[in-house]
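Accompanying notes for the structure given below.
The values are calculated or read from the model by the stated rules, or taken from the named source; none is laboratory data. Given the structure is predicted, the values throughout are model-derived calculations rather than measurements. Every residue, glycine among them, receives a Cβ derived from its backbone with ideal geometry; neighbour counts consider all protein chains shown.
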Amino acid sequence: MQDVIPVPTILFGAFDRHNFGDLLFPHIAAALLAPVHPVFAGLVERDLRACGGHRVEALADLAQRWSDRPVDIIHAGGELLTCDAWQAAVMTLPPEEVLDTVLHFDARPRQAFAWAQHRLRLSAQAPYTVQRPLFPHARTLIYNAVGGVELDHSEPELRHEVLANLRAADAVGVRDTVTQAHLNAAGIVSLLMPDPAVMVEELFGDLIRRRGGEGEIARMRQAFPQGYIAVQFSVEFDDDGTLTVIAAQLDTLAHSTGFGIVFFRAGAAPWHDELGGFARTAARMQTQTRVFMSLDLWDICALIAASRAYAGSSLHGRIVAMAFALPRVNLVHDAQRGKQAAFAATWEDAQVPAAVQADSIAQAALQALAVDPGVLEAKARQLAGSYRNAFRTLCGDRFSQRNT
């Protein structure tokens with residue numbers, strides 16, 4: 001009797017670079033897919049195991065290797081629908097190559113796109129959405145809790161490609177009502193579901209709590225025995241005026257609560273977070289601060305889980321805080337737009353602050369700290385249950401499930 005060759009499952013996403021949420025997604029999906037062992041794929045080959053990620057294979061290589069056999073493909077999650085080829089290619093560059101590359105292609109969009117296609121070995125405008133012809137014998141193509149809040153503002157060519165790729169999928173899950181409305185307008189049916197990171201406490205809570213008693217996190221807890229607020233913001237807030245406002249707000253917050261301030265990076269990929277902005281903020285403050293240096297995925301989770309609250313620009317900083325039933329608030333430039341506001345509007349309780357500008361951080365964080373812990377606990381349980389059920393619905397009977 002001839003052995004049956006198992007159909008490979010490709011788990012695809014932006015975990016080919018250091019970004020907090022993207023690094024979490026494959027861990028969550030793999031846990032729920034067990035005993036299936038997926039192949040982890042991004043746009044470039046990368047080994048991020050040293051910081052808690054995965055060894056990632058390039059999608060172009062897999063497309064060549066498996067062009068003649070059936071595969072199952074799952075997009076692991078994230079704001080994938082609006083990431084163009086240029087952004088994707090730059091974010092996967094080594095840091096030392098970014099500035100020269102950006103300067104070289106400044107004001108040359110056609111050449112920049114051609115360079116990105118060459119680097120990624122894909123012709124796509126939106127390379128984090130798989131074009132089904134890449135895998136002619138694909139058995140299943142699924143989008144899991146993806147976002148595209150700004151899809152209506154994307155270049156027409158990119159938007160048309162994304163919508164065509166979604167129409168070719170077997171199932172589409174989205175994580176906010178704004179993205180869902182964009183797809184509804186295009187006649188694409190989607191399942192509304194929370195972001196995968198709402199599962200982090202349920203699936204990995206014991207590991208994360210153990211990390212919270214060790215190493216650098218233990219030192220932060222010793223430095224601030226009364227507790228600390230975990231704070232993060234990306235380079236888009238890194239101008240002197242904004243940093244001065246952030247510093248004053250954090251001083252007010254620390255004075256009002258007695259908590260310390262611990263800065264951390266939620267992403268080290270280009271255009272994410274940089275230590276320089278934290279140092280310049282701390283220099284403007286009267287409050288004692290610390291900078292958390294680890295870029296390990298589980299250390300970052302543990303730092304947030306051991307905090308009294310989270311405040312920052314990272315959507316997944318917020319969602320991990322949600323999973324651990326902690327107060328949270330997002331920092332944004334425009335409180336009405338963006339993925340942070342869209343996710344909060346879709347899933348948060350009205351009494352929990354959503355996304356605020358820099359001059360409202362202290363007020364919003366104090367409001368979050370005043371919310372009944374029971375409300376936060378109930379929300380964490382509700383979101384985890386909703387995601388698990390939605391993931392089961394999205395995948396149907398195609399995959400085995402853990403703990404179902």
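When the strands (runs of 3 or more DSSP E) confined to the range 17-93 are screened for residues that are surrounded by fewer than 21 Cβ atoms within 10 Å (Cβ to Cβ), those reaching at least 2 such residues are found at 55-58. Answer yes if at least one residue in the range 318-326 is within 27 Å of LEU11 (Cβ to Cβ) and outside any helix (DSSP H, G or I), and no otherwise. Checked against the condition, which is being within 27 Å of LEU11 (Cβ to Cβ) and outside any helix (DSSP H, G or I), the range 318-326 yields at least one hit. For the range 1-16, a residue qualifies if it is acidic (Asp, Glu) and crowded, with 24+ Cβ neighbours inside 10 Å, and exactly one does: ASP16. Considering the range 219-238, and only residues there that are modelled with pLDDT of 95 or more and among the aliphatic types (A, V, I, L, M), the residue that is farthest from ILE319 (Cα to Cα) turns out to be ALA223.
Any residue in the range 236-244 that is polar (S, T, N, Q) and either part of a loop (DSSP other than H, G, I, E, B) or in contact with a strand residue (DSSP E or B) (Cβ under 9 Å, 6 or more places away or on another chain) (or both)? Checked the range 236-244: no residue is polar (S, T, N, Q) and either part of a loop (DSSP other than H, G, I, E, B) or in contact with a strand residue (DSSP E or B) (Cβ under 9 Å, 6 or more places away or on another chain) (or both). Going residue by residue through the range 204-213, is there one that turns out to be closer than 30 Å to VAL90 by Cβ, charged (D, E, K, R) and within 26 Å of the chain's Cα centre (by Cα)? Within the range 204-213, not a single residue is closer than 30 Å to VAL90 by Cβ, charged (D, E, K, R) and within 26 Å of the chain's Cα centre (by Cα). Determine whether ARG308 is of a type outside the set (A, V, I, L, M), within 22 Å of PHE20 (Cα to Cα), outside the structural domain of PRO94 (by TED's automatic domain parsing) and without any contact (Cβ under 8 Å) to a residue 60 or more places away in the chain. Judged against the criteria, ARG308 is not a match. Among the residues of the range 285-303, those that are aliphatic (A, V, I, L, M) and within 15 Å of the chain's Cα centre (by Cα) comprise LEU295, LEU297, ILE300.
Cβ separations smaller than 8 Å between residues 6+ apart or across chains give the following pairs from the range 52-79 residues that are without any contact (Cβ under 8 Å) to a residue 40 or more places away in the chain and closer than 26 Å to ILE300 by Cβ to residues that are basic (Lys, Arg) and surrounded by fewer than 19 Cβ atoms within 10 Å (Cβ to Cβ): ARG55/ARG49. Just so you know, in the range 266-284 the residues that are surrounded by fewer than 23 Cβ atoms within 10 Å (Cβ to Cβ) and among the charged types (D, E, K, R) include one that is nearest to GLY317 (Cα to Cα), and it is GLU274. I need the full set of residues from the range 73-105 which are polar (S, T, N, Q) and under 27 Å from GLY173 (Cβ atoms), in order please. Across the range 73-105, the qualifying residues are THR82, GLN87, THR92.
Scanning the range 30-42 for any residue that is of a type in the set (Val, Ile, Thr) and over 27 Å from TYR387 (Cα atoms) turns up nothing. Residues in the range 367-376 include none that are part of a loop (DSSP other than H, G, I, E, B), under 18 Å from the mean Cα position of the chain (by Cα), assigned by TED's automatic domain parsing to the domain that holds VAL235 and at pLDDT 95 or above.
A count restricted to the range 292-317 and to residues that are in contact with a Phe, Trp or Tyr (Cβ under 7 Å, 6 or more places away or on another chain), of a type in the set (Gly, Ala, Ser) and in a helix (DSSP H, G or I) stands at 2.
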